[in-house]
1. Per-residue Cβ counts within 10 Å, from other chains only, averaged over A:14-21: what number is that?
2. Using alpha-carbon positions, what is the distance between the centroids of region B:3-80 and region A:40-65, in Å?
3. At a threshold of 8 angstrom on Cα-Cα distance, excluding pairs fewer than six apart, so keeping six or more, what relative contact order does chain A reach in percent?
4. So which DSSP H runs in chain B come out at 27 Å plus along the axis (Cα) with average Kyte-Doolittle of at least 0.0?
5. Under the rule of at least 5 residues apart or a separate chain, name every residue whose amide H is placed under 5 Å from the amide H of A:Asn3.
6. If each residue of separation counts as 0.36 nm, what is the full-extension length gain between B:Leu54 and B:Thr102 once their alpha-carbon separation is subtracted?
7. Return the Rg/Rh value of region A:2-54, two decimal places, where both radii are evaluated on C-alpha atoms and Rh is the Kirkwood radius.
8. Taking 2.2 N^0.38 Å as the expected size of a compact globular protein, what ratio does the Cα radius of gyration of region B:67-130 give against it, to two decimals?
Amino acid sequence: MKNRLKVLRAENNYTQEDLAEYIGVSRQTINAIEKGKFDPSLPTAFRISKLFKLSIEDIFQFEEN
Amino acid sequence: MKKERRKNLTQLAAWTWSWVATLAIATFGPKFIWDDHILLTVLAVTVNFTNGILMIIANRKFFNNLDELERKIHLESLALTLGLAVVVGLTYSLLDVTDLITFDAEISNLVMFIGLAYGIILTVNTRRYS
């Protein structure tokens, strides 16, 4: 799954640490999501979309392997 | 989240160290401290067992406070460690039963192996996601 998390985070001047704090996960998890190494759960995806006031599809793009 | 994590980790460390301490007392106490007094030995074993249960509860609390990625990392590490513990443990026992090794298969060796295996697998898994 691709995502725009890194771009959105930069646009909003958040550090990974800030974002992790807002979402309620560890900084390592934010880093892994940004690098595409880990797909977040639905509740985490909803929290991220709520924070950036965007739909989940605007942030995460599903792609078949 | 960080505060809660630190609190859970401190509690887990405290219960783990006190479990190790009570295990040492229950192991060496009968011989070196209270001269095989049966009631004191039963008491020491009971305290150690209760402490062990509380350590497991603290571990569960710590685990439940981890986030989704950390839980995935720990779960994968636990699955591999469990598999290794069963396979290596039974092979080790078989080596003893069939006299392919000259010494007795000690459970403490298996416990050390489990600890080492879990530590290594957890480190490798953590690096995979960073």
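1. On the way: counts 0, 0, 0, 1, 0, 0, 3, 2.
Across the residues of A:14-21, the mean count of other-chain Cβ atoms within 10 Å is 1.
2. Measuring centre to centre over Cα atoms gives 39 Å.
3. Working: 51 pairs, mean separation 28.5, N = 65.
Computed value for chain A: 44 percent relative contact order.
4. Working: long enough: B:2-32 (44 Å, -0.28); B:38-64 (39 Å, 1.29); B:68-97 (43 Å, 0.95); B:107-128 (31 Å, 1.09).
Correct list, ordered by number: B:38-64, B:68-97, B:107-128.
5. Sorted by chain and number, the residues that satisfy this are A:Gln61.
6. Details: separation 48, 0.36 × 48 = 17.28 nm, distance 3.78 nm.
Length gained between B:Leu54 and B:Thr102: 13.5 nm.
7. Details: Rg = 9.7 Å, Rh = 10.8 Å.
Using only Cα positions, Rg/Rh for region A:2-54 is 0.90.
8. Numbers: Rg = 14.6 Å, N = 64, 2.2 N^0.38 = 10.7 Å.
With N residues counted in region B:67-130, Rg over 2.2 N^0.38 Å equals 1.36.
FYI, it's all coordinate maths here, none of it is from the lab. Just so it is clear, the structure is predicted and the values come from calculations on it, not from any experiment. Reconstructed Cβ throughout: ideal geometry from the backbone, glycine too, with neighbour counts over all protein chains shown.
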